[in-house]
1. Within segment 52-86, can you find the residues that are among the hydrophobic types (A, V, I, L, M, F, W, C) and either under 16 Å from the mean Cα position of the chain (by Cα) or on the phi > 0 side of the Ramachandran plot (or both)?
2. Kindly indicate which of Met96, Met19, Met1 is open to solvent by less than 30 Å² (accessible area, probe 1.4 Å) and either without any contact (Cβ under 8 Å) to a residue 24 or more places away in the chain or in contact with a helix residue (DSSP H, G or I) (Cβ under 7 Å, 6 or more places away or on another chain) (or both).
3. Could you check segment 30-63 and list, in sequence order, the residues that are more than 12 Å from Arg216 (Cα to Cα) and either among the aromatic types (Phe, Trp, Tyr) or out of contact with any helix residue (DSSP H, G or I) (no Cβ under 8 Å at 6 or more places or on another chain) (or both)?
4. Being open to solvent by 20 Å² or more (accessible area, probe 1.4 Å) and assigned to a loop (DSSP other than H, G, I, E, B) is the filter here, so list the residues in segment 145-163 that pass it.
5. Among the residues of segment 164-199, what is the count of those that are open to solvent by 10 Å² or more (accessible area, probe 1.4 Å), assigned to a loop (DSSP other than H, G, I, E, B) and either in contact (Cβ under 8 Å) with a residue 12 or more places away in the chain or charged (D, E, K, R) (or both)?
6. Considering only segment 54-87, state which residues are of a type in the set (A, V, I, L, M, F, W, C) and touching a residue at least 12 places away in the same chain (Cβ under 8 Å).
7. Would you say Ser41 is among the polar types (S, T, N, Q), at pLDDT 95 or above and open to solvent by less than 10 Å² (accessible area, probe 1.4 Å)?
8. Being under 18 Å from Ala189 (Cα atoms), at pLDDT 95 or above and small (Gly, Ala, Ser) narrows it down to one residue among Gly165, Gly90, Gly127, Gly72; which is it?
Amino acid sequence: MVDYTYRDIAKMIDHSLLMPQLTNAELEQGCALAVEYDTASVCILPHYIRRCAEILRGSSVVPSTTIGFPHGGHATSTKVAEAKQALADGGVELDMVSPIGRVLSGDWDYVRADLKAVIDVTHAGGGKVKVIFENCYLKDEHKVRLCEICTELGADWVKTSTGFGSSGATPEDLALMVRSVRQPVQVKAAGGVRDLDALLKVRAIGVTRVGARSTREILDECRKRLGMAPAAASATAPARSGPGSSY
């Protein structure tokens, strides 16, 4: 039995345009695809967020970009500057990478201050924050503590991965994160959600967003299962492969 609408699924997807080799033309095409399929957001390279916001204006698709990406090793002041610039350029949702080495060191005061600085400046500017853990490098106790800190600080989402680490979202990690945050904090899966069945599985766990490059394939299949007409074929998805392409 189908328990979802097209909008339910489309509005779970952050269409990912983060591979460094994407050209301007491919970024334009990716934004157009997101508008055509009415996704939740486009998560795009920071240098193109201003143009992305222009393309998305008038649609229900939100412009988003990354902070401290992909390793989280930037100084906190640099992350704050990136967040301010992204907001000024029209970004609404910011996916920031936690300071992974500090997490592994148990330097929780630094981690908390780093996350708080970006969350506070983003919320003050009317934006939302997704905190990326990069779970492939962490133990469960790190993931749980990050969930607790993110809940305390009022992050909007906690997110499994950048899509550029050694692995992406796993059912076990997603279930742990769903259990370890408190509402209204939500959970985003990134890395490995490549088809509709995979998206439905993480949805059943309690995930509300996924990062995906295979947006067209996921939503074409969704329309097919719901007996809807195919989407117009006006937008062409960038056909890139390589590290990070599973995001």
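The values are calculated or read from the model by the stated rules, or taken from the named source; none is laboratory data. Since the structure is predicted, the reported quantities are computational estimates derived from the model, not experimental observations. Cβ placement follows ideal geometry from the backbone for every residue including glycine, while neighbour counts extend to all protein chains displayed. What goes into the accessible areas is simple: the full protein's heavy atoms, side chains included, and nothing from ligands, DNA or RNA. Shrake-Rupley method; radii C 1.70, N 1.55, O 1.52, S 1.80 Å.
1. Cys52, Val61, Val62, Ile67, Phe69, Ala83, Ala86
2. Met96
3. Listed by number, the residues that qualify are Cys43, His47, Tyr48, Arg50, Ala53, Glu54, Arg57, Gly58, Ser60.
4. Correct list: Gly154, Asp156.
5. Restricting attention to segment 164-199, the residues satisfying the condition of being open to solvent by 10 Å² or more (accessible area, probe 1.4 Å) are 164-173, 175-176, 178-186, 192, 194-195, 197-198.
Then drop every residue that is not assigned to a loop (DSSP other than H, G, I, E, B), which leaves 164-170, 181-185, 192, 194-195.
Of the ones still in play, those that are also either in contact (Cβ under 8 Å) with a residue 12 or more places away in the chain or charged (D, E, K, R) (or both) are 164-170, 181-182, 184-185, 192, 194-195.
Total meeting the criteria: 14.
6. Residues of segment 54-87 that are of a type in the set (A, V, I, L, M, F, W, C), as a first pass: 55-56, 61-62, 67, 69, 75, 80-81, 83, 86-87.
Passing the criteria: Ile55, Leu56, Val61, Val62, Ile67, Phe69, Val80, Ala83, Ala86, Leu87.
7. Numbers: among the polar types (S, T, N, Q): yes; at pLDDT 95 or above: yes; open to solvent by less than 10 Å² (accessible area, probe 1.4 Å): yes.
Yes: the conditions hold for Ser41.
8. Step by step, each of Gly165, Gly90, Gly127, Gly72 is checked, and only Gly72 is under 18 Å from Ala189 (Cα atoms), at pLDDT 95 or above and small (Gly, Ala, Ser).
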